[in-house]
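Every number here is computed from the coordinates shown, using simple stated rules; none is lab data. Quantities reported herein were computed from a predicted structural model and do not represent experimental measurements. Here the Cβ positions follow ideal geometry from the backbone for every residue, glycine too, while neighbour counts run over all protein chains shown.
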Amino acid sequence: MTRNDPMPVADVAPPPRHVGRLILAPREAVACPDRDRIVGILSEAGFIADRIPDRECAYRVGAEFSALISFVGCAVAIASDPQAGDPFCHVVVPPASAHLRWCHGRNTRAPRCPGCRTRLSDWPLRVAQFEQSTRTHGWDRQDSSVVCPSCGESRPIWSWDWKQQGGFARLLIQVEEIFPGEAVPTEAFLDLLERESGCAWRYLYVQD
Ligand SMILES: [Zn+2]
């Protein structure tokens, strides 16, 4: 084969790129409300329906899903049936994690200092150090503090402003598959979660 030959065509098409997921998580990353309680809240609110067989911790969207999440822009057809392996809209509530989980994807960008808005350029290294230190010592505030190169303030890596492009959490509500910004939880839904779970919530998007 010479340099100019066309690439051989693979027998199997590559898997489609992950569109993205909407993640709801406590605003305080270290907060960890009871997972079963959260599932109960989501079920009572009609956000989720029954479990999807053979998929761990996955639920079909409930009757009130479209009232609790608003889709931005043109009308989006929500496929909610797991047929033929196509992407379909469903909700996953994984077990709570003992450690802070790093939620990130190809859309994750450098976080900003909440005090002076400076970007943390060496964030991949800082996150790697945090994860290493978590494995060795658990997630202790002193091990995880990062000093802002601009204003000198020190705060844990999970308290930097990751906007809606990443972050840390112990308990997540994941909505698959949602393109970043395509759908946002309504104020009423965030209020309901806060009222029933006892902690404020935020949301972000991750693309694998
Ligand atoms: Zn700063």
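Values for this structure:
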| item | result |
| --- | --- |
| Theoretical FRET efficiency, 1/(1+(r/R0)^6), r = Cβ-Cβ of residue 43 and residue 132, R0 35 Å, to 0.05 | 0.40 |
| Percent of C-alpha pairs per 10 Å bin, the stretch 109-161, short to long | 28, 54, 17, 0 |
| FRET efficiency, residue 154 to residue 106 (Cβ-Cβ, R0 25 Å, nearest 0.05) | 0.30 |
| Given charges at beta-carbon only (K, R positive; D, E negative), |dipole| of the stretch 109-161 in Debye | 200 debye |
| Estimated dipole of the chain in Debye, rounded to 20 [Cβ of Lys and Arg +1, of Asp and Glu -1, Cα centre] | 820 debye |
| Kirkwood-based shape ratio for the chain, expressed as Rg/Rh from alpha carbons | 1.03 |
| Neighbour net charge for residue 28 - beta-carbon separation under 12 angstrom, K R +1, D E -1 | +2 |
| Reference-scaled alpha-carbon Rg (2.2 N^0.38 Å with N residues) for the stretch 122-201 | 1.34 |
| Pairwise FRET efficiency - residue 28 versus residue 145, Cβ, R0 = 22 Å, nearest 0.05 | 0.85 |
| Additional length obtainable on full extension of the chain from residue 187 to residue 71, 0.36 nm per residue less Cα span | 40.4 nm |
